[in-house]
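The values are calculated or read from the model by the stated rules, or taken from the named source; none is laboratory data. Quantities reported herein were computed from a predicted structural model and do not represent experimental measurements. So basically every Cβ, Gly included, is an ideal-geometry build from the backbone, and we count neighbours across all protein chains shown.
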Amino acid sequence: MELGSLGLPTKVHTGVMYVNKKPVYIIEVVEENGENAEFVTVYEAHRHKNEEDASIPVKAYDVVEKDMNYIKPTTLLGQLASKMVKPNKKRIKITKPPLFMTEIMVGKDTFTGKEGRGFYEREKDEVRITKKEGIGVKRGDRTGVFISLDSIIWEKVRVPTTDLVEEYQARKTLYFL
């Protein structure tokens, strides 16, 4: 856990943006050093096929099958072992990356008309890796929709692990520096 200059832990606020009672976005706001958050990270909400599974909104994910005892058949022993050992496949969920990350500012909510802190919705950001340019972000265009933080149903606040704080810092550096 990372402590700020005031000795306060970093906090992650998680909420959901609903449209017609269906979750559209999972929103994360990171509060550092006890100060107001500067950025918002927006994830797509997972679209469940079964309405019963949709009771608790979660970040969008893909389900992939992974061989848990994979043996690489590139050597003689590997070839023999791969014929003897039955595959142990397991289905795992892999959370999709955020749709976009953007600055929090003061504005007027497009739907409620209320003034307050919030952010502009954007089209999906693209993270690209090229040999020539290295890692870069092509930021999605603004849609013109302003979402007030008051329009989000805030569900939980947690003190993240060091790994989550480092991931947030890396994303912030990639997107904004």
key: Matching residues, the range 152-161, being modelled with pLDDT under 70 and either more than 30 Å from LYS21 (Cα to Cα) or exposed (fewer than 12 other Cβ atoms within 10 Å of the Cβ) (or both)   = THR161
query = Out of the residues in the range 51-101 that are of a type in the set (Val, Ile, Thr) and under 30 Å from ASP141 (Cα atoms), which is surrounded by the fewest Cβ atoms within 10 Å (Cβ to Cβ)?
reply = VAL63
query = Quick one: would you say ARG139 is in the same structural domain as GLY34 (by TED's automatic domain parsing), in contact (Cβ under 8 Å) with a residue 12 or more places away in the chain, touching a Ser or Thr at 6+ places or on another chain (Cβ under 8 Å) and among the basic types (Lys, Arg)?
reply = no
note = Out of (1) surrounded by fewer than 13 Cβ atoms within 10 Å (Cβ to Cβ); (2) in the same structural domain as ASP125 (by TED's automatic domain parsing), the one GLU31 does not meet is (1)
request  = Could you check how many residues of the range 41-50 are surrounded by 10 or more Cβ atoms within 10 Å (Cβ to Cβ) and polar (S, T, N, Q)?
outcome  = 1
remark   = Here the residues within the range 55-80 that are of a type in the set (A, V, I, L, M, F, W, C), under 23 Å from VAL157 (Cβ atoms) and modelled with pLDDT under 90 are ILE56
